[in-house]
Every structure is written in structure tokens, then in C-alpha cells.
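The values are calculated or read from the model by the stated rules, or taken from the named source; none is laboratory data. None of these values were measured; they are calculated from a predicted model. Cβ atoms come from the backbone with ideal geometry, glycine included; neighbour counts cover every protein chain shown.
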Amino acid sequence: MSTCKTLSRISVPTLPQTTTLLKPTHLPLVQRRHESTTRRHKKLLALPEAPSFTPSRSSPTLIFNPPSAAPNVYHTPLKFLPKDDKRRALYATHQAASTQAAYRTHTSPIAAPGTPLHAASSSSHLPPRPSASLPPALRAPYEKKYHLTDKDIAEIQRLRREDANRWTRVRLAEKFGCSQFFVGLVAKNEAKAERVRESHEKARERWGAGRRMAREERGRRRVLWGRDA
Amino acid sequence: MKRVRISRCATQLLAGRTPRRPSCPCAAGLQRDITPHDYRIQARSLSTVAIEKDSELDIGTPDPTSSQPAAAPAPPAIPHRKRLAPEQLPSPHPFAASHSTKLSALRARLSLHQRFPLQTLARTLVHPSADPDPAFNNASLSILGANLLGYYTTEYLLCNYPRLPIPVIFAAQHAYTGPKALATVASEWGIEAAAEPGGEVDPGLLQFRRLRSGSRVPAALRRQVPWKWNVTTTHRIVATDEFGSDNTPPDPQSLSAVPVPMEEAAQSFVRALIGALHLHLGSPLVKRFYRDHFLSRQLDLSTLFDFRTPTRDLSKLCAREGFEAPVARLISETGRASRHPVFVVGVYSGKDKLGEGAGASLEEARFRAAAAALKAWYLYRPIEVTLPSSMEGELDTRKWKPNMVDCGEVIV
């Protein structure tokens with residue numbers, strides 16, 4: 001409905017050429033072609049095929065265009081290959097050859113690399129540069145500092161022993177700039193751990209059937225992560 | 001009819017020594033050019049062509065005068081012995097083997113050589129539970145066959161995947177040549193079991209004393225208490241069988257006259273067949289038989305892993321090998337705020353991507369990516385592998401390339 005309305009509205013000024021010249025109008029006097037016919041719509045739908053499906057040669061070739069899938073674990077990464085493995089040399093040769101081939105093929109001087117136009121005009125892709133930026137890290141990378149001395153550790157143990165409720169693992173980790181795991185390692189408070197475990201147990205007893213089942217299912221799914229299932 | 005002494009009958013009834021080479025001098029050349037349409041025929045023709053040395057293929061029947069290795073030690077000859085009716089024998093008489101169509105069909109189906117005696121094939125089908133006499137059952141042959149199967153499988157796994165952790169090797173061994181796998185192989189070969197063993201039964205049937213339904217498995221096959229409770233990996237490697245069990249497997253002869261399940265009898269048959277093939281045809285043909293019937297079974301080793309703390313293992317591995325510490329990076333994501341988000345996380349060491357995983361949460365994707373990186377490490381496969389068994393009896397040692405030996409799995 002709306003298209004008909006706009007079409008009729010737009011096509012009005014172009015109808016009588018002579019009258020529009022005489023009449024003052026705000027619309028510009030540009031000849032417009034509208035995609036109003038079936039043929040033009042059909043032509044628009046005829047998109048060019050993907051480059052991987054249109055081989056450059058007329059002779060029969062192999063089209064290799066697999067669907068996206070998880071990488072094969074049987075493909076050993078370059079870093080995991082032993083020093084004397086032949087695949088290291090093969091990878092290096094392939095990298096050099098593909099880079100040269102990519103530079104040799106004629107690419108459009110206008111199209112910027114990385115755009116679809118560039119990809120369509122050049123059949124080969126440049127391998128990623130070594131300086132290309134990596135994806136963002138999930139957690140901020142950190143360096144282990146190993147800055148705590150025996151005196152600090154004794155202090156941690158004293159605080160934890162004296163008031164375990166005040167000096168929790170989180171507070172001690174913040175105060176001394178180490179991880180909570182390290183605090184638990186050097187100053188384990190069995191009584192506090194037991195109390196916490198009991199309180200958790202008490203909270204778990206109040207769960208209904210649905211929540212309990214959901215938690216158990218979650219644990220079972222988590223085990224499957226390591227089995228790749 | 002002249003009485004045939006049992007100890008000699010097996011050797012007398014064997015096929016005569018036929019010329020191994022074809023009589024026509026051009027026939028060998030012609031045979032090489034023919035492309036057989038059947039894979040089994042092809043395998044057979046290849047088996048005679050590919051072996052250069054004549055001594056390896058000497059698979060003729062042994063001399064009747066010399067003692068046969070597979071044959072039993074001769075019982076003391078009794079001068080006047082009553083002929084027993086077949087119903088009185090515990091297992092079929094070896095004389096019946098040459099008349100059995102089932103045995104001939106089985107030998108043809110497995111494309112075994114014509115000179116593999118049917119009597120031995122019949123003996124491999126007799127489980128100790130049917131016939132307690134070690135001269136007529138397959139106990140000794142199955143011990144030999146089990147060792148050969150374990151040797152070939154271990155050799156294949158250790159040479160082709162030198163970094164596999166030992167539990168995965170055990171699992172792969174079990175998957176290739178474990179009791180269940182062997183029973184499956186036997187059923188695929190079309191082995192049928194006799195309802196009750198006896199001398200009058202067709203020797204082409206698997207003979208064993210059946211376990212009545214509802215009765216307990218015999219004590220030797222039951223899961224036993226280990227002899228000590230902390231069974232270490234070293235103990236599993238050294239002291240028990242090739243599958244890393246807690247206990248040593250039961251001695252085949254100890255199962256004599258005890259009702260056993262079908263799986264036990266079927267696996268003993270397959271093992272005994274391998275042992276008998278080794279004795280009669282020699283190791284090259286056994287290796288080919290093993291490759292065609294056991295290694296050809298597809299096993300995806302990457303499904304045998306079970307990681308509990310892959311992220312920790314991976315950082316230990318990187319520290320051990322001197323790589324940069326692994327960092328998980330978010331490659332792509334979709335639907336973070338939706339009910340079914342998908343995150344694709346890669347684990348990078350420096351600039352190199354080690355593994356990639358997808359998951360419904362960031363934690364899951366990171367976990368799976370670390371597991372994929374560890375699998376990529378463990379499933380490394382060298383390009384050139386020389387199996388030790390392929391150099392057996394070789395005088396020219398230049399073909400030997402030392403295999404890779406890895407320093408071991410990651411222990412956290």
C-alpha cells in the first residue's frame with residue numbers, strides 16, 4: 001500500500017513536462033527511473049554468485065567451499081610441531097608462495113583491501129600480516145608478581161586466624177595484592193570453611209525439585225565439556 | 001576303514017605341498033597386470049606379489065614326519081583302542097573338518113590361503129569350556145593371538161600417535177582389540193554358535209558351554225577385587241593386560257568345563273585364529289590380515305579424551321614446552337543478551353592460535369578451546385613412521401627411521 005502511494009506521489013511532477021517548467025515547484029528536475037516493473041525487480045534479484053562458486057577457468061575445476069565448522073583437532077598447529085617436522089618447512093613455503101601469488105595478481109587500485117569489492121576484483125587473498133591485531137582477550141592478561149615475603153605470609157595467617165569473618169579470602173587478597181587461591185593456600189581456616197559449607201548445605205536443602213534438578217543437569221553438562229559432547 | 005590315529009590325522013589330511021609359484025613363467029607377470037574387481041581377491045593377489053623374499057612366504061604344510069607346532073603333543077599311542085562314537089567326544093573329530101561346508105565357507109569368506117588347514121580352523125572354534133583337553137581346544141592359540149593383537153595395536157598407536165596419554169592408549173586398545181570388539185568382529189565374519197558342544201556337531205560352529213540365562217558369570221570372568229587398592233598407572237602398564245585392567249585376565253585354560261558367555265568364546269576364537277595364522281602362514285600375512293580386519297575399523301581417537309581441568313593442563317603444557325602462556329580471546333559472538341548466545345573463543349599462545357571452541361557461555365567456550373588445543377597437542381601424528389614389526393627379519397637396516405618418543409603427557 002505504502003509503495004503505491006509514494007509511487008503515485010513521486011510520479012506526479014514528472015508527468016507533464018511543459019507544465020512543470022512553467023509552474024514553480026520545489027522538486028528538482030531530474031529524470032528518475034523507478035523500479036516499478038517486474039522485470040527490473042527480477043533483475044535486481046539476480047545476484048552474482050559467490051567467488052568460490054565461480055571458477056575463473058571454463059574447464060571443469062574442483063569447487064571447495066565447505067560449510068563453516070569447528071577446526072579439526074587432527075590438524076596440529078604450527079607451534080605444536082616438533083623442531084624437525086617437515087610440515088614446518090611446508091607451511092613456510094606455502095605462506096611465501098601464497099603471499100607472492102596474492103601480490104602478483106592484479107587488484108583494483110581503487111578498492112580498499114578488506115572490502116567486498118577488493119575481494120571480488122582479486123581472486124586471491126593475502127594472508128594475515130604478522131602485525132595484524134589479535135581478537136580481544138577474555139580476561140586482562142597479568143603477570144605473576146611473586147612479591148609476598150615470609151613476613152607478609154605470616155601476617156596473612158595471623159589475620160585469618162584471629163578474625164576469619166572479618167578477614168575473608170577476598171579482603172586478604174585485595175589487601176596483599178594476591179589471588180584468593182593463594183590466600184586459601186597459605187592460610188586455610190578449617191573451621192570457617194566448615195561453617196561456610198554448612199550454610200551452603202542448609203541453603204541447598206531449601207531448594208525445590210526443579211532447582212535441584214536444574215543444578216544437577218548443569219553439572220552433568222559441564223562434565224560433557226571436557227568430553228567434547 | 002583303517003583307523004586313523006588322532007595325533008597324526010590332522011597332518012595326514014592336510015593338502016599336499018603344491019608348487020607355490022605358478023607353473024607358467026608368464027603367469028606371474030599376467031597376474032600383476034590384472035586388476036581384480038573384488039577387494040579380497042586383490043588383497044590376496046597383493047599378498048603374494050608384494051613380498052620379495054621367498055622365505056617369508058613359505059606357507060606350505062609341514063612335513064608329516066616332523067612335529068607340527070600347532071598340533072598337540074602326541075598322546076601315548078594305545079595299541080587297541082575302541083573307536084568312540086562322535087557323540088561321546090567332547091568336540092568334533094578333526095577328521096570331520098575336511099567335510100564341513102561351514103568351515104570351507106568361512107575360510108573362503110576370510111580369504112585365507114588354501115593351505116591354511118581346515119583342521120586348525122576347526123580347532124580355533126573350540127573353546128576350553130567345550131573341550132578341556134589342551135590338545136584339542138584353542139587355549140594355547142588364543143594366548144598367542146592375544147599377544148600378537150596387543151603387539152600390533154600398541155605398535156600402531158605408539159608410533160603413529162607418540163603423544164597420546166596412557167589412559168587414551170588403553171581405551172584405544174580396548175576399542176580395537178577388546179573383548180567386545182573381537183566379539184563384534186566374529187559376528188561380522190558370520191560365526192554361529194552351536195547350541196551345545198559335542199562330537200556330532202558341525203565343526204564350523206563355535207563350540208562352548210553356554211551360560212544358562214539367569215545364572216551368574218563364572219568367578220574368573222567376574223570383576224575382581226584388585227590385589228591392592230591403589231592401582232597405579234605403572235601397575236596397569238606392567239602387571240596387567242594391554243587394556244589397563246585392575247587384574248590380570250583369566251587364563252584361558254582355567255575356563256575349562258565352565259559355562260561362559262558367548263562374548264568370551266567369540267573373542268577366544270578370533271584370538272586363536274590370529275595365533276593359528278601366525279603359525280601356519282607367517283607374520284607378513286598375519287599383519288596384512290590384521291590391517292584388513294582390525295585397523296580398518298574406524299576409531300575417532302579424539303572422542304576418547306576426558307578433560308577435567310584443560311585450562312590448567314594447557315598452561316602447564318605451555319610452561320613445560322617453553323611457549324608463551326595461553327590467552328583466551330573472543331573471536332566472535334552472537335546473541336549475548338539472548339537466551340541462546342554462542343561465543344567462539346580461541347586460545348592463543350603469542351600470535352599463534354592453538355585451539356578454538358564454541359560454547360553457550362564464555363567459560364564453556366574457553367574450556368572447550370583449551371580442550372581442543374590439548375587434543376591438537378596429543379593427537380600429533382608424524383609424517384614418516386617405521387613400524388618395528390615391519391623390520392622383522394630385514395637385513396638392510398637403512399630403511400629404519402627411529403620413531404619419535406615424546407616426553408609424556410601433562411601431569412598437573
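Comparison of A:LEU172, A:LEU224, A:LEU138 shows that the only residue that is within 14 Å of chain B (Cβ to nearest Cβ), of a type in the set (A, V, I, L, M) and touching a Leu at 6+ places or on another chain (Cβ under 9 Å) is A:LEU138. On the stretch given as the stretch B:176-186, residues that are over 18 Å from B:VAL126 (Cβ atoms) and either touching a residue at least 12 places away in the same chain (Cβ under 8 Å) or aromatic (Phe, Trp, Tyr) (or both) total 7. Of all residues in the stretch B:353-390, those that are closer than 29 Å to A:ALA89 by Cα, touching a Lys or Arg at 6+ places or on another chain (Cβ under 7 Å) and of a type outside the set (Val, Ile, Thr) total 6.
Taking first residues from the stretch A:49-77 that are within 14 Å of another protein chain (Cβ to nearest Cβ) and partners that are among the hydroxyl-bearing types (Ser, Thr, Tyr) and not in a loop (DSSP other than H, G, I, E, B), the Cβ contacts under 8 Å between residues at least 6 apart in sequence or on separate chains come to A:VAL73/B:SER302; A:TYR74/B:SER302.
Is there a residue in the stretch B:220-238 that is of a type in the set (S, T, N, Q), touching a residue at least 60 places away in the same chain (Cβ under 8 Å) and outside any loop (DSSP other than H, G, I, E, B)? Yes, that holds for at least one residue. Can B:ALA372 be described as at pLDDT 95 or above and facing chain A (nearest Cβ under 7 Å)? Taking the combined requirement at face value, the residue satisfies it. Kindly indicate whether B:LEU301 is in contact (Cβ under 8 Å) with a residue 12 or more places away in the chain, buried (at least 17 other Cβ atoms within 10 Å of the Cβ) and within 14 Å of chain A (Cβ to nearest Cβ). So B:LEU301 fits the description; yes.
Can you find a residue that is hydroxyl-bearing (Ser, Thr, Tyr), under 30 Å from B:GLY393 (Cα atoms) and out of contact with any helix residue (DSSP H, G or I) (no Cβ under 9 Å at 6 or more places or on another chain) anywhere in the stretch B:331-340? For the stretch B:331-340, residues hydroxyl-bearing (Ser, Thr, Tyr), under 30 Å from B:GLY393 (Cα atoms) and out of contact with any helix residue (DSSP H, G or I) (no Cβ under 9 Å at 6 or more places or on another chain): absent. Could you check, for the stretch A:91-100, whether at least one of its residues is aliphatic (A, V, I, L, M), within 11 Å of another protein chain (Cβ to nearest Cβ) and closer than 30 Å to B:LEU374 by Cβ? Looking for residues that are aliphatic (A, V, I, L, M), within 11 Å of another protein chain (Cβ to nearest Cβ) and closer than 30 Å to B:LEU374 by Cβ, one finds none in the stretch A:91-100, hence no. Checked against the criterion of being of a type in the set (A, V, I, L, M), more than 10 Å from chain A (Cβ to nearest Cβ), crowded, with 21+ Cβ neighbours inside 10 Å and touching a helix residue (DSSP H, G or I) at 6+ places or on another chain (Cβ under 7 Å), the candidates B:LEU354, B:LEU314 yield just one match: B:LEU314.
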